[in-house]
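> Shown below is the structure under consideration.
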Amino acid sequence: MTGHVDHGRSIFNNMKRKKSIQNKIIALLLSSVLTALFISSTLALLNINSMKKSFDNQSEEFEQSTTIYVEDEMIDKTCKQLLILSDSNAAAIDKRFENINHDVDGIVNLAEHIYANPALYKARKVDLPQRNNYNLSTQLLWSKSISDNTTDSPTVPSYTQEISKLANIQDLLYEINYSNDMISSVYIATESGWMIQADYISNKKYSGEKELPDNYEASERPWFINAKNSERGEIVHTEVFQDIHSKSDCIVCSKAVYKGNVFVGVVGVGSYLDEIYQEVDKTKTVLEKNYSNTGYAFLVDENGKIVVSGATSGETAVIGETNTDLKRSSNSDLRTLAESMQKKESKCTKIKINDKEVFIAYAPLDTLGWSFATVVDAEEILTPANESKEMINTLNSNFNKSVGDSQQVIIIEFIIVTMVLFIVFGFLSIKLGKRISEPVQKLTAEVVGTNGKNLDGLIEFDTNDELEDLANAFNNMRLQIKEYIENIKIITKEKERIHTELLVATNIQNDMLPDSSSMLNSSEEFSIYAIAYPAKEVGGDFYDFFFIDQDHLAFIVADVSGKSVPAGLFMVMAKTLIENQLMLGKNPAETFEDVNSALCRNNRNGMFLTAWLGFLELSTGKLDYVNAGHNCPLLYEAESNTYSWLTGVSGFVLAGMEDMTYEQKHMVLKKGDKIFVYSDGVPEANDIKGDMYGNAALELFFSRNSSLNPDSFCGQLKTSLEQFQGEAEQFDDITMLFLEYNGGKK
């Protein structure tokens with residue numbers, strides 16, 4: 001760019017050293033034959049006027065085409081960048097709530113395991129709230145229905161077996177709250193009236209000088225009622241409300257707990273929205289820095305109401321404690337916008353807000369059903385394009401003025417000379433007019449061939465006069481316009497680098513998983529095939545199979561909480577630990593217990609994984625297996641031609657809680673028996689309406705297609721999932737492993 005600018009300066013400096021046309025005319029007259037004709041001078045003047053009109057027309061067309069091109073490029077670039085900004089902010093916020101949902105699932109799984117297996121847990125107690133405690137702690141609260149103390153000396157209600165066993169969950173509640181600054185409170189409330197809670201406001205659980213904490217009627221709270229009335233396994237969220245203690249906006253994520261088929265309580269996680277609101281403020285800062293002084297962002301909930309907005313007034317602002325409802329707006333553009341957001345669409349479009357045209361880009365938060373929107377004033381976005389238009393207009397005006405001035409000089413000098421030559425040098429006036437008009441025609445032809453998309457090359461003109469200066473001035477203008485347009489394209493190159501790095505990470509992860517076409521697949525005792533389809537570039541699911549010795553095969557499928565690079569790193573650590581423990585001679589149960597202890601250490605991010613591990617003795621078909629919170633595999637028994645779920649007591653997830661024990665199950669596979677192990681991405685694959693594929697459809701597919709060889713089975717199941725999903729994006733990692741036992745060696 002500096003070289004072009006220097007070139008332009010050199011052109012204008014050389015203009016001072018050129019000879020004028022007047023001097024050339026004088027030199028030509030002195031050496032020319034004495035003749036001149038009035039007709040030839042008239043023709044020369046008409047020719048110059050015609051070329052002037054041609055210059056004007058071409059300059060106007062050039063200005064229009066270049067301005068349109070620059071404006072279209074600016075709009076396209078801005079929309080792409082605003083959509084990227086909205087997508088990244090929506091994904092970052094959604095990730096926070098997705099992690100909270102995983103925490104709720106983990107607490108519910110542990111609670112249901114305690115209810116189902118109370119003998120596995122010791123009886124424990126939970127401390128009462130302390131008046132002077134301002135630190136994170138777990139506390140025991142209860143409903144008035146537990147104990148209605150009317151005496152002057154109230155007492156703590158007696159522990160029931162239910163609450164003494166459920167007290168084992170308090171460490172997990174504490175750890176989840178401690179590891180996430182966004183969480184305000186974590187609790188489990190029972191249908192019987194007990195509540196165990198982990199928060200920082202133990203000191204606020206008393207009224208006046210009462211000896212016991214205030215009763216807490218959890219069953220009357222919206223988060224309890226919503227979870228109790230929801231479908232089993234469904235996570236529900238409350239509307240945004242103001243916390244009574246901190247005065248901050250909050251939202252509660254809750255899920256029902258069941259003992260068998262009986263509802264027994266609700267797990268809830270309350271989250272402050274301060275950090276989410278900060279993301280909205282940060283976005284406004286980014287917009288002010290890069291795009292617009294009036295740009296801002298806002299969040300819309302699943303009902304079309306604005307939760308928080310960077311706008312302080314107008315149609316998209318939050319006024320006081322009233323949340324603006326876009327679906328009821330008098331602005332039809334905003335009503336259409338709300339409908340699109342409720343469909344979880346991601347778009348960038350131009351609409352009117354407060355009677356002003358704006359560009360708005362929005363993206364969905366899948367976990368909550370909210371949307372994140374970014375707004376920029378269209379007038380400010382198009383300011384660079386308008387400035388470009390003004391710059392081009394100025395350059396054209398200067399160029400036309402230069403042409404006009406030069407033509408004026410030429411006309412004046414030519415008229416004077418022609419008047420003299422009319423008497424003395426008529427013949428030479430014809431040659432003079434031709435010599436003047438030919439360079440101008442050549443320059444006109446060069447200008448005609450130039451438009452907004454043809455800016456390469458320079459006009460070479462060697463006349464050593466003002467016409468050469470005009471050509472050089474046009475060259476300089478064309479170089480400046482080209483530099484301005486090319487600078488717009490530089491930004492897109494950075495995105496290509498990021499995409500390449502993610503592809504490398506994907507290839508590295510794929511190389512770590514065993515190849516089903518290796519020697520394991522050619523063994524006469526069994527056939528096996530496994531494959532993983534990550535939802536992101538880097539996934540958290542993994543499978544593995546390998547020989548412990550010549551007669552024992554280990555195979556596993558696991559699912560790490562979360563997605564992308566963090567889940568991939570946790571996957572590598574878990575996969576390595578499991579394989580190392582098995583190779584040391586540990587059985588499946590011992591392996592999971594040791595791996596769980598290793599993963600729990602320094603697990604500050606609260607990640608965990610579900611896993612199913614099988615240990616097959618090839619000569620006899622004996623199968624030892626253990627389940628850590630994973631989906632139950634499907635089993636086909638060839639001898640009876642029956643299909644069933646390989647159920648049994650499922651242990652707690654790995655890395656969820658220290659000192660867990662795992663129950664090892666046994667069975668004997670016979671020739672032709674088949675096992676299909678998978679991650680939850682298979683039954684939980686969802687279509688565009690949010691409906692899931694489900695276990696029933698998976699069982700039906702297995703019963704109809706289990707006769708296929710392992711790789712064909714997995715491939716057709718993936719096709720079935722894709723047909724079910726339709727246009728819906730893959731939500732979770734999908735991993736499948738299919739093993740067929742062919743019997744021991746003969």
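> What percentages, rounded to whole numbers, describe P(r) for region 97-222 computed over all alpha carbon pairs with 10 Å bin width beginning at zero?
Taking all Cα pairs of region 97-222, the binned fractions are 12, 42, 36, 9, 1 percent.
> Region 148-278: D in µm²/s via Stokes-Einstein (Kirkwood Rh, Cα pairs, 4 °C, 1.567 mPa s)?
81
> Suppose all protein chains stay in the model; what accessible area per residue would a 1.4 Å probe give for region 587-746, in Å²?
Roughly 44 Å² per residue, with all protein chains present.
> Could you name the aspartates and glutamates whose alpha carbon sits less than 13 Å from that of LYS352, not counting residues in the same chain fewer than 8 places away?
Leaving aside aspartates and glutamates fewer than 8 places away in the same chain, those within reach of LYS352 are GLU315, ASP333, ASP377, GLU379.
> 5 Å is the cut-off here: which amide hydrogens, built 1.01 Å from N in the peptide plane, fall below it relative to ASP249, excluding neighbours closer than 5 in sequence?
Sorted by chain and number, the residues that satisfy this are ASP243, LEU273.
> Here is a further query. Count neighbours as other Cβ atoms within 10 Å of each site's Cβ, and list the trypsin sites (Lys or Arg not before Pro) in region 573-610 that are DSSP loop with at most 10 such neighbours.
Answer by residue number: ARG601, ARG604.
> Same structure again: With every protein chain present, what accessible area does TRP223 have (1.4 Å probe, heavy atoms only), rounded to the nearest 10 Å²?
TRP223 exposes around 10 Å² with every protein chain in place.
> Over region 134-275, what percent of the accessible surface lies on carbon and sulfur atoms, probe 1.4 Å?
Roughly 45 percent, rounded to a whole number.
> Please work out how much length the chain gains when fully extended from VAL286 to PHE263, using 0.36 nm per residue of separation minus the C-alpha to C-alpha distance, in nm with one decimal.
Gain on stretching VAL286 to PHE263: 3.5 nm.
> Which FRET efficiency value, to the nearest 0.05, is calculated for THR312 and GLU275 with the Förster distance at 22 angstrom and r the Cβ-Cβ distance?
0.55
> Would you please give the FRET efficiency between LYS689 and ASN393, computed as 1/(1 + (r/R0)^6) with r the Cβ-Cβ distance and R0 = 56 Å, to the nearest 0.05?
0.60
> A follow-up question, please. Using a 1.4 angstrom probe with every protein chain in place, what is the largest-first accessible-area order of GLU357, GLU729?
The ordering from most to least exposed comes out as GLU729, GLU357.
> Right, next: Please find the FRET efficiency linking ALA696 to SER644, where r is the Cβ-Cβ separation and R0 is fixed at 22 Å, and quote it to the nearest 0.05.
The value I calculate is 0.95.
> Could you pull the accessible area for CYS348 with a 1.4 Å probe, rounded to 10 Å²?
CYS348 has an accessible surface of roughly 40 Å² with all protein chains in place.
> A further question follows. Under a point spin-label approximation (7 Å from Cα along Cα-to-Cβ), what is the ILE319-ASN354 distance to one decimal in nm?
The answer from the label model is 1.3 nm.
> With a bin width of 10 angstrom, please list the P(r) values of region 273-328 as percents of all Cα-Cα pairs, from the 0 bin to the one holding the largest distance.
Calculated P(r), rounded to whole percents: 26, 51, 22, 1.
> Considering only protein heavy atoms, what is the solvent-accessible area of ARG131 at a probe of 1.4 Å, reported in Å² to the nearest 10?
Probe radius 1.4 Å; accessible area of ARG131 about 90 Å².
> Let me ask something additional. Taking θ as phi - 60°, what are the ³J(HN,Hα) couplings along region 677-682 by the Karplus curve (6.51, -1.76, 1.60), each to the nearest whole Hz, with x for Gly and Pro?
Values per residue, Gly and Pro as x: 10, 8, 9, 5, x, 6 Hz.
> Moving to a separate point now. Counting each pair of different Cα atoms once, what's the Kirkwood radius of region 293-373 in Å, rounded to one decimal?
One over the average 1/r among Cα pairs gives 12.5 Å for region 293-373.
> Next question. Largest first, what is the accessible-area ranking of MET660, MET736 with a 1.4 Å probe?
The ranking, largest first, comes out as MET660, MET736.
> Take a quick pass over region 646-746 and tell me how many lysine pairs come in under 30 angstrom between Cα atoms, counting only ones 8 or more apart or on separate chains.
The number of close lysine pairs in region 646-746 is 14.
> Along the Cα-to-C-beta direction of GLU231, a point sits 7 Å from the Cα; which residues of region 611-651 have their amide N less than 20 Å from that point?
631-632
> Would you mind computing, in nm to one decimal, how far apart the modelled labels at ALA123 and GLN723 are, each placed 7 Å from Cα along Cα→Cβ?
Each label point lies 7 Å from its Cα, and together they span 5.8 nm.
> Go through region 589-597 residue by residue and turn each phi into a ³J(HN,Hα) via Karplus (6.51, -1.76, 1.60, θ = phi - 60°); whole Hz please, and just put x for glycine and proline.
5, 4, 4, 5, 5, 5, 5, 4, 5
> Using label points projected 7 Å from each Cα along Cα→Cβ, tell me how many nm separate VAL668 and ASP72, to one decimal.
7.6
> I've got another one for you. With θ set to phi - 60° and the Karplus curve 6.51 cos²θ - 1.76 cosθ + 1.60, what are the ³J(HN,Hα) couplings of region 540-545 in order, to the nearest whole Hz, using x for Gly and Pro?
x, 6, 7, 10, 7, 8
> When Lys and Arg each count +1 and Asp and Glu each count -1, what net charge do the other residues less than 13 Å away from SER597, Cβ to Cβ, add up to?
Cβ neighbours under 13 Å give a net charge of -3.
> On to the next question. Starting from the Cα gyration tensor of region 546-602, multiply each eigenvalue by 5, take the square root, and state the resulting semi-axes largest first in whole Å.
They are 22, 14, 8 Å, listed from largest to smallest.
> How do HIS666, HIS552 stack up against each other in accessible area, from largest to smallest, with a 1.4 angstrom probe?
HIS666, HIS552
> Across region 176-217, how large is the tail of the calculated P(r) beyond 14 Å, expressed as a percent of all Cα pairs?
Of all Cα-Cα distances in region 176-217, 57 percent exceed 14 Å.
> Given a 1.4 Å probe and every protein chain left where it sits, what share in percent of the accessible area of region 289-351 is carbon and sulfur?
Answer for region 289-351 is 41 percent, counting heavy atoms of protein chains only.
> Using 0.36 nm per residue of separation minus the Cα-Cα distance, give me the extension gain between GLU345 and ILE244 in nm, one decimal.
Extra length available between GLU345 and ILE244 comes to 32.9 nm.
The values are calculated or read from the model by the stated rules, or taken from the named source; none is laboratory data. A quick note: this is a predicted structure, and the numbers were derived from the prediction, not measured. Ideal geometry is used to build each Cβ from the backbone, glycine not excepted, and the neighbour counts take in all protein chains shown. Surface areas here come from the heavy atoms of the whole protein model, side chains and all, with no ligands, DNA or RNA. Shrake-Rupley method; radii C 1.70, N 1.55, O 1.52, S 1.80 Å.
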